[in-house]
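No lab work stands behind these numbers, since they all come straight from the coordinates. Since we're looking at a predicted model, the values are computed, not measured. Cβ coordinates were reconstructed from backbone atoms using ideal geometry, including for glycine residues, and neighbour counts include every protein chain displayed.
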């Protein structure tokens with residue numbers, strides 16, 4: 001196993017810089033996930049670690065060794081791509097053994113490595129089949145097995161579940177978590193799906209336009225986003241944002257006035273704010289309290305979305321272009337056109353200044369009890 005360190009790493013294609021001053025340490029044995037919207041640079045960063053892209057400046061270390069000029073095959077890494085890239089004319093066994101045969105590994109060692117990896121991935125009973133006889137999930141396991149047999153120090157995964165249907169992605173997330181637990185190897189995983197990031201990662205790197213916005217454990221990013229971008233990207237459904245103005249503020253709380261005329265109290269450290277400052281109030285859909293008495297607002301539901309275990313309501317609000325979202329509870333009987341009173345606990349409020357930086361929240365919301 002090995003750690004991965006990037007110091008002041010830049011990457012440019014001609015005059016276009018796509019990675020900006022990346023400083024990051026991935027710990028030995030850690031499951032690190034790069035997440036962000038399309039075009040944010042997450043795959044480019046992964047390919048730079050793999051050696052498939054040269055870095056323009058900065059230093060990259062794997063296992064304490066500077067590898068800027070080291071070929072990919074000598075970096076001690078194995079990469080699994082979105083495309084399975086299996087040889088259709090070969091059996092699963094031969095697909096997994098192919099790289100080892102090229103390396104002229106003795107046949108008994110190849111056999112031991114392939115069967116060992118197949119057992120870990122629960123495909124040992126399929127080794128004589130060809131890829132066309134497999135499901136998408138089984139093909140992805142073969143691609144992972146092909147990486148495991150090499151016994152790399154670092155695994156790199158580039159959106160490996162993107163080609164799978166929703167149900168299979170859920171199952172494969174579980175398989176990835178089990179795989180990391182078994183192998184205890186450093187893993188770096190790229191995805192645009194923040195649910196994958198939240199469920200798999202020890203830590204998450206949130207990227208935007210080639211820059212690291214924040215690094216932290218999943219719940220840390222959820223509870224304490226450093227800026228409005230991270231707050232809006234982490235969490236599903238996404239956070240609601242409402243323009244507001246500071247009425248009064250101190251280190252304990254801020255009083256806000258919304259465009260609707262309503263006033264709200266947010267439990268954040270707003271000592272740096274001044275009356276009249278433009279700010280943005282953030283509220284997660286799951287933090288609205290139906291019939292609440294604190295920070296209340298009236299909402300006429302324009303659309304109700306029932307998903308069985310929970311129900312989402314959408315409503316228009318003055319000064320907000322997109323409909324706001326609230327969670328109504330799985331057994332809600334609310335219908336389109338209904339008016340509901342929504343409360344927002346002061347400690348559940350997120351607040352961002354005019355530049356998008358977050359004011360420090362004082363409290364973490366307690367987990368909801370099952371109904």
**OP:** Could you line up 362, 287 from fewest to most neighbouring Cβ atoms inside 10 Å?
**Re:** 362, 287
Original post:
When a footprinting reagent is the concern and you count Cβ atoms within 10 Å, what order do 338, 128 take, fewest first?
Top reply: 128, 338
Original post:
Hey, in the GNM for the chain with a 10 angstrom Cα cutoff, which one of 115, 192, 125 fluctuates hardest?
Top reply: 125
Original post:
Of the beta bridges DSSP finds with both residues in the chain, what % are antiparallel, to the nearest 5?
Top reply: 75 percent
**OP:** In whole Å, largest first, what are the principal axis extents of the Cα atoms in region 105-203?
**Re:** 42, 31, 18
Subject >> Ranking of 189, 350, 363, 314 by count of other Cβ atoms within 10 Å, fewest first >> reply: 363, 314, 350, 189
Original post:
Hey, what number do you get for the chain at 222 nm if only DSSP H runs of n ≥ 4 count, each worth -39500 (n - 2.57), divided across all residues, to the nearest 500?
Top reply: -7000 deg cm²/dmol
Original post:
Over the C-alpha atoms of region 231-291, what are the Rg and the largest Cα-to-Cα span, Dmax, in Å?
Top reply: 12.2, 33
**OP:** For region 237-352, state the semi-axes of the equivalent ellipsoid (square roots of 5 times the eigenvalues of the alpha-carbon gyration tensor), sorted largest first and rounded to whole angstrom.
**Re:** 27, 13, 11
**OP:** In whole Å, largest first, what are the principal axis extents of the Cα atoms in region 1-126?
**Re:** 48, 31, 25
Subject >> Values of log10 I(q)/I(0), in the order q = 0.08, 0.16 Å⁻¹, for region 4-229 under a Debye, Cα-only, solvent-free model >> reply: -0.29, -1.13
**OP:** Just need the relative contact order of the chain here, percent rounded to a whole number, with Cα pairs under 8 Å and 6+ apart.
**Re:** 15 percent
**OP:** Write down Rg/Rh for region 182-273, rounded to two decimals, with Rg from the C-alpha atoms and Rh from the Kirkwood relation over Cα pairs.
**Re:** 1.09
Original post:
Helix 166-183 versus the longest principal axis of the chain: what is the Cα-based angle in degrees, 0 to 90, to the nearest 10?
Top reply: 60 degrees
